[in-house]
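*Asks:* Handing you this structure, nothing more for now.
The values are calculated or read from the model by the stated rules, or taken from the named source; none is laboratory data. All figures in this text were calculated on a predicted structure; none of them were measured in a lab. FYI the Cβ positions are ideal-geometry reconstructions off the backbone, even for glycines, and counts take in every protein chain you see.
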Amino acid sequence: MQRIHENDAEQLLALHQKVLEAHLKSDVEILLEDEGDSYVIANRGSVTHPAKEARRQRLGPYLQATRFEEYRDEIPPVVTVSQDGTLGWVVVQVYARGQQTTAEGTAVPLEFVSAWIELYEKQNDRWLRTGNVSNFKG
C-alpha cells in the first residue's frame, strides 16, 4: 500500500506543477481542467463555494491581465495523502514576479509571496482539486 501512496503523492505534485504552469502561461483552462465542480475557498477571512464558471470568471481576467516572469515554489511542496488514498493536500509557498495590466491599460510591476493548501479528492481513480486555502505574505 505504501507504493500506491507514493504514486499518489507524485500525481499530486504533478497537479501542483500544472497550477504553476497555468500562471506562467496565463491560462485559466489549464488551472480548471483538474478542478472538481464542488469547490471550497478559504481566503481573507471568508469561506466560499464558487461554481467552476464563477472561478473561470474571477481567475480568467486576472490571469489574462498578468504576465509572470517567475512563478515558482519557494520551498519544496509538502504532500500528504490520506491512509485510504482518497484525499490529499499539497502545502506550498510560491514566489511570483511579473507585470499586471490595469483597467486603464498601464502595466505595473507585481511581486509577492503566497502560501496555500491545495485540497484534492480522488474521484473515479482521478485526483481533482476540490479547494484552496490561501494567504499572502506581508
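*Asks:* Among the residues of the range 50-73, is any farther than 15 Å from ARG129 by Cα and in contact (Cβ under 8 Å) with a residue 60 or more places away in the chain?
*Replies:* no
*Asks:* Let me ask you something else. Suppose we keep only residues that are of a type in the set (Gly, Ala, Ser) and more than 15 Å from the chain's Cα centre (by Cα) within the range 52-67. Which one would you say is surrounded by the fewest Cβ atoms within 10 Å (Cβ to Cβ)?
*Replies:* Per the criteria, the residue is ALA54.
*Asks:* Give just the number: which of (1) among the acidic types (Asp, Glu); (2) surrounded by 12 or more Cβ atoms within 10 Å (Cβ to Cβ); (3) more than 15 Å from ILE117 (Cβ to Cβ) does ASP37 not satisfy?
*Replies:* Here ASP37 clears every test but (2).
*Asks:* For a quick check of your reading: which strands (runs of 3 or more DSSP E) sit entirely within the range 68-138 and have at least 1 residues that are over 18 Å from the mean Cα position of the chain (by Cα) and loosely packed, with under 13 Cβ neighbours inside 10 Å?
*Replies:* Answer list for the range 68-138: 107-123.
*Asks:* Further question: Please work out which one of (1) assigned to a strand (DSSP E or B); (2) at pLDDT 95 or above; (3) acidic (Asp, Glu) is the condition GLU29 fails and give its number.
*Replies:* (1)
*Asks:* A follow-up question, please. Considering only the range 98-113, I want to know if a residue exists there that is touching a Leu at 6+ places or on another chain (Cβ under 6 Å) and under 15 Å from ALA22 (Cα atoms).
*Replies:* Yes - at least one qualifying residue is present in the range 98-113.
*Asks:* Further question: Please give the number of the condition SER38 fails out of (1) farther than 26 Å from GLU121 by Cβ; (2) modelled with pLDDT under 95.
*Replies:* All conditions are met except number (1).
*Asks:* Being closer than 20 Å to ASP73 by Cα and of a type in the set (Lys, Arg) is the filter; apply it to the range 84-138 and report the residue that is modelled with the lowest pLDDT.
*Replies:* Going through the qualifying residues, I end up with LYS137.
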